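Shown next, in C-alpha cells, is the structure this report addresses.
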Amino acid sequence: MASLTCGFTYRNFDVTIVGYEMPGGWRLAVELRKGAETELLRDTESLYPDFASLRSMGIWTAHLAIMRKTTG
C-alpha cells in the first residue's frame, strides 16, 4: 500500500491532495489550509483507478470547496 500527495495554492488556500492506495484503487483526501484554518475533506465512498484520476477529482473538490467559502 502506498500514499501519494500533490500540493498547490489556489485563491490564497494551500491545498494538499492525498491519495491512499487500497486494494482495487485509491481513496481521496483533500486538505485546505488558510492561515490557522484547516479543513479536511474525505471521499470514503469512491475508489479511483489510479492516482491521476484521483488527483483530477481532488482538484475539482478543492475548487468547489474554496468557491463555496469565498463567494456567497
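The values are calculated or read from the model by the stated rules, or taken from the named source; none is laboratory data. It should be emphasised that the depicted structure is a prediction, and the values quoted were computed from it without experimental measurement. When we count neighbours, we look across all protein chains shown, and the Cβ atoms used for this are built from the backbone with ideal geometry, even at glycine. Side chains included, ligands, DNA and RNA excluded: accessible areas come from the protein's heavy atoms. Shrake-Rupley method; radii C 1.70, N 1.55, O 1.52, S 1.80 Å.
Couple of notes before you dig in:
- Scanning region 25-38 for residues that are over 23 Å from Ala2 (Cα atoms) and in a strand (DSSP E or B) yields Arg33, Lys34, Glu37, Thr38.
- Neighbours by Cβ (under 6 Å, 6+ apart or cross-chain): first from region 1-16, open to solvent by less than 60 Å² (accessible area, probe 1.4 Å); second aromatic (Phe, Trp, Tyr) and modelled with pLDDT of 95 or more: Val15/Phe8
- Selection within region 47-71 - among the polar types (S, T, N, Q) and modelled with pLDDT of 95 or more: Ser53, Ser56, Thr61
- Whichever residue in region 17-41 is of a type outside the set (Ser, Thr, Tyr) and surrounded by fewer than 13 Cβ atoms within 10 Å (Cβ to Cβ) and, among such residues, is nearest to His63 (Cα to Cα): Leu40
- Candidate set: region 42-56, residues that are part of a helix (DSSP H, G or I) and open to solvent by 70 Å² or more (accessible area, probe 1.4 Å); chosen: the one nearest to Leu4 (Cα to Cα): Arg55
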